[in-house]
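**Student:** Have a look at this one before I ask anything.
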Amino acid sequence: MTTRTELLEIIASGENSGVEFKRDDLPTQHLAKELVAFSNFQGGMVLLGVEDDGTITGLMRRDLEEWVMNVCRDKIRPAIIPFFEMVRGINDNHDVAIVRVTRGYDVHALWHNNTNRYQIRVGTQSREASPEELARLFQQRGSVRAELRPVSGATLANLDRRRLRNYFRDIRQQDVPDAEDEDAWQSLLINTEVMTDEGVTVGGMLLFGATPNRFLPHAGIDAVSYPGSERDYGAQERTALRGPMTPLLSQGGDFVENGLVEQALDFVQRNTRVDVETRGGRRVERPVYPPDALREGIVNALIHRDYLLTSTDVELAVYSNRLEIVSPGRLSNGITPDRMRFGTRSARNQLLKDVMRDYRYLEHMGMGIPRKVVRGMKEHNGTEPDLVELDERFLVRLLARGPD
């Protein structure tokens, strides 16, 4: 329960992304709007009986709790059950009601005039979501998979048939259609989500596109190497890594053409030193970063990024003392950095995950982060990798050296 002192501190701090002040005589749809916006964000509270400027004027509405519950049931789709409490005797014996909601598992809407209106919280304001914001909101809640959206103008002809044959014949060990049998290929790819009836899916283009960036300019990795420990205009190398995620393999499993993961590993290799150690009288080369940890970080960034964020690529930055991999988008489906360290499994892009796992890029038990990155870095140089969520980005940072 909230004490009077705690409530006064909240009011003194003013409205913010998680707090809204309202009189209790507001129209039902206005309360519903605020609660929907909070639920679609990180949760929050509406303080009833408080003016916009923080003046406490108290409550006037009879049966307030019943009214609030009816608003949440009748004006919000799906309905919300809020936490409701009264704090009595504030400033001249005024009462204040707190209506609190948590982050919703579903995307909620204000139901008004027979129309759903999807609200989001932006700073101290609640407003209607744009189509792009709404699409990302549904994706964050697991209701929409951006990877299954059709790519405008992309057809079977825009996929790399060599890689497709390689995947289905050699990786999945199944029969593949004849090269000329377009209908059979189309049927196979639709049933495996590489295509839809409308064309190639985003996931299909990312995995097997002949030129993915022609259709998805953000499908790639921006890689840069700096000579020191800070960003510098005088980069040692700066390049845009482009192409499909999957490699082209020979029937014996050798690489014929690299995919994005191998391109990124090659970039790091040529921009980091190799330490030389003496073991049993023999000189042994030791990379700065353990290959498994590096590979896992790159694969995760490509697979789990938010592909509805179209203005930025995955970023790979090599410094003299660290390496950073930045993936666009928040973590999905309630995942946090701490939960990742313990192996919690969740996929924003299930098709990408499944196909890349078929190529053995991923652990089948979803333990790549705790085993390969966290444990791998500790065993390699005694350091703890940083896993950090930064607004609309997720950062993995590997340190080059351990404690002396």
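**Student:** When only the heavy atoms of the protein chains count and the probe is 1.4 Å, how do Val107, Val388 rank by accessible area, highest first? Numbers along the way, then the final one.
**Tutor:** Working: Val107 10, Val388 45 Å².
Largest accessible area first, the residues go Val388, Val107.
**Student:** So how do Trp111, Trp185 rank on accessible area, 1.4 Å probe, biggest first, that is with the largest at the start? Can you show the working numbers first?
**Tutor:** On the way: Trp111 65, Trp185 0 Å².
Putting Trp111, Trp185 in descending order of accessible area: Trp111, Trp185.
**Student:** Using the beta-carbon distance between Met1 and Asp197 and R0 = 60 Å, what value does 1/(1 + (r/R0)^6) give for FRET efficiency, to the nearest 0.05? Could the numbers behind the result be given before it?
**Tutor:** Numbers: r = 55 Å, r/R0 = 0.92.
Efficiency, rounded to the nearest 0.05: 0.60.
**Student:** Reachable aspartates and glutamates from Lys372, Cα under 13 Å, same-chain residues fewer than 8 places away excluded?
**Tutor:** Asp292, Glu296, Glu363, Glu384
**Student:** A further question on this structure: Please find the FRET efficiency linking Glu51 to Thr310, where r is the Cβ-Cβ separation and R0 is fixed at 41 Å, and quote it to the nearest 0.05. Mind dumping the intermediate values first?
**Tutor:** On the way: r = 41 Å, r/R0 = 1.01.
With a Förster radius of 41 Å, E is 0.50.
**Student:** Same structure, new question: Can you put Phe342, Phe21, Phe83 in order of accessible area, largest first, using a 1.4 Å probe?
**Tutor:** Phe342, Phe83, Phe21
**Student:** Follow-up. To the nearest 20 Debye, how big is the dipole of the chain about its Cα centre, given +1 on the beta carbon of each Lys and Arg and -1 on that of each Asp and Glu?
**Tutor:** Working: 53 positive and 61 negative charges, 192 e Å.
Using only the charged Cβ atoms, the result is roughly 920 debye.
**Student:** Measure out, as a whole number of angstrom, how far apart the alpha-carbon centroids of the range 141-177 and the range 285-310 sit.
**Tutor:** 22 Å
**Student:** Which shape class, rounded, prolate or oblate, goes with the chain when its Cα gyration tensor gives a ≥ b ≥ c as root eigenvalues, a/c under 1.5 marks rounded, and past that a/b bigger than b/c marks prolate? The partial results should precede the final answer.
**Tutor:** Numbers: a/c = 2.91, a/b = 1.65, b/c = 1.77.
It is oblate, given that a/c is not under 1.5 and a/b is not larger than b/c.
**Student:** Using 0.36 nm times the number of residues separating Arg117 and Val276, minus their current alpha carbon distance, what extension gain do you get? Intermediate values should be presented prior to the final figure.
**Tutor:** On the way: separation 159, 0.36 × 159 = 57.24 nm, distance 6.21 nm.
Between Arg117 and Val276, full extension yields an extra 51.0 nm.
**Student:** Right, here's the next one. Taking the full set of protein chains and a 1.4 angstrom probe, give the accessible area of Met195 in square angstrom, rounded to the nearest 10.
**Tutor:** Probe radius 1.4 Å; accessible area of Met195 about 10 Å².
**Student:** Any idea of the accessible area per residue across the chain, 1.4 Å probe, to the nearest Å²? The partial results should precede the final answer.
**Tutor:** Details: 19870 Å² over 404 residues.
On a per-residue basis, 49 Å².
**Student:** Helix check for the chain. Which DSSP H runs span at least 30 Å along their own axis by Cα, with a mean Kyte-Doolittle hydropathy no less than 1.6?
**Tutor:** Numbers: long enough: none.
Long hydrophobic helices here: none detected.
**Student:** Okay, moving on. At 7 Å along the Cα-to-beta-carbon direction for both Leu8 and Asp266, put a label point, then send me their distance in nm to one decimal.
**Tutor:** 6.8 nm
**Student:** At 1.4 Å probe size, with the rest of the protein present, what percent of the exposed accessible area of the chain is carbon and sulfur atoms?
**Tutor:** Numbers: 8940 of 19870 Å².
Within the chain, the accessible surface is 45 percent carbon and sulfur.
**Student:** Indicate, rounded to the nearest 5 percent, the antiparallel portion of the DSSP beta bridges found entirely in the chain. Before the final figure, lay out the partial values.
**Tutor:** Working: 57 of 66 bridges.
Counting only bridges with both partners in the chain, antiparallel ones make up about 85 percent.
**Student:** Summing -39500 (n - 2.57) over the DSSP H runs of n ≥ 4 in the chain and dividing by its residue number, what mean residue ellipticity at 222 nm do you reach, to the nearest 500 deg cm²/dmol? The partial results should precede the final answer.
**Tutor:** Values: 13 runs with 114 residues, N = 404.
The helix-only estimate for the chain comes to -8000 deg cm²/dmol at 222 nm.
**Student:** Taking a ≥ b ≥ c as the square roots of the Cα gyration tensor eigenvalues, with a/c under 1.5 meaning rounded and otherwise prolate when a/b beats b/c, else oblate, which class fits the range 304-355? Please report the intermediate quantities before stating the final value.
**Tutor:** On the way: a/c = 1.97, a/b = 1.26, b/c = 1.57.
It is oblate, given that a/c is not under 1.5 and a/b is not larger than b/c.
**Student:** Something else: Thr272: accessible area at probe 1.4 Å, nearest 10 Å²?
**Tutor:** Looks like 30 Å² after rounding.
**Student:** Would you check the accessible area of Arg77, probe 1.4 Å, heavy atoms only, in square angstrom rounded to 10?
**Tutor:** 100 Å²
**Student:** Also, I was wondering about something else. Using the Cβ atoms and a cut-off under 14 Å, what net charge is assigned to the surroundings of Glu128, where Lys and Arg are +1 and Asp and Glu are -1?
**Tutor:** Details: positive: Lys33, Arg117, Arg121, Arg127; negative: Glu34, Glu132, Glu133.
Once all neighbours under 14 Å are counted, the net charge is +1.
**Student:** In nanometres, what is the gap between the two model label sites at Arg165 and Asn93, each 7 Å from Cα along Cα-to-Cβ?
**Tutor:** It is 8.9 nm.
The values are calculated or read from the model by the stated rules, or taken from the named source; none is laboratory data. Nothing here was measured: the structure is a model prediction, and the numbers come from that model. For neighbour counting, all protein chains shown are included, and Cβ atoms are generated from backbone atoms with ideal geometry for every residue, glycine included. Surface areas here come from the heavy atoms of the whole protein model, side chains and all, with no ligands, DNA or RNA. Shrake-Rupley method; radii C 1.70, N 1.55, O 1.52, S 1.80 Å.
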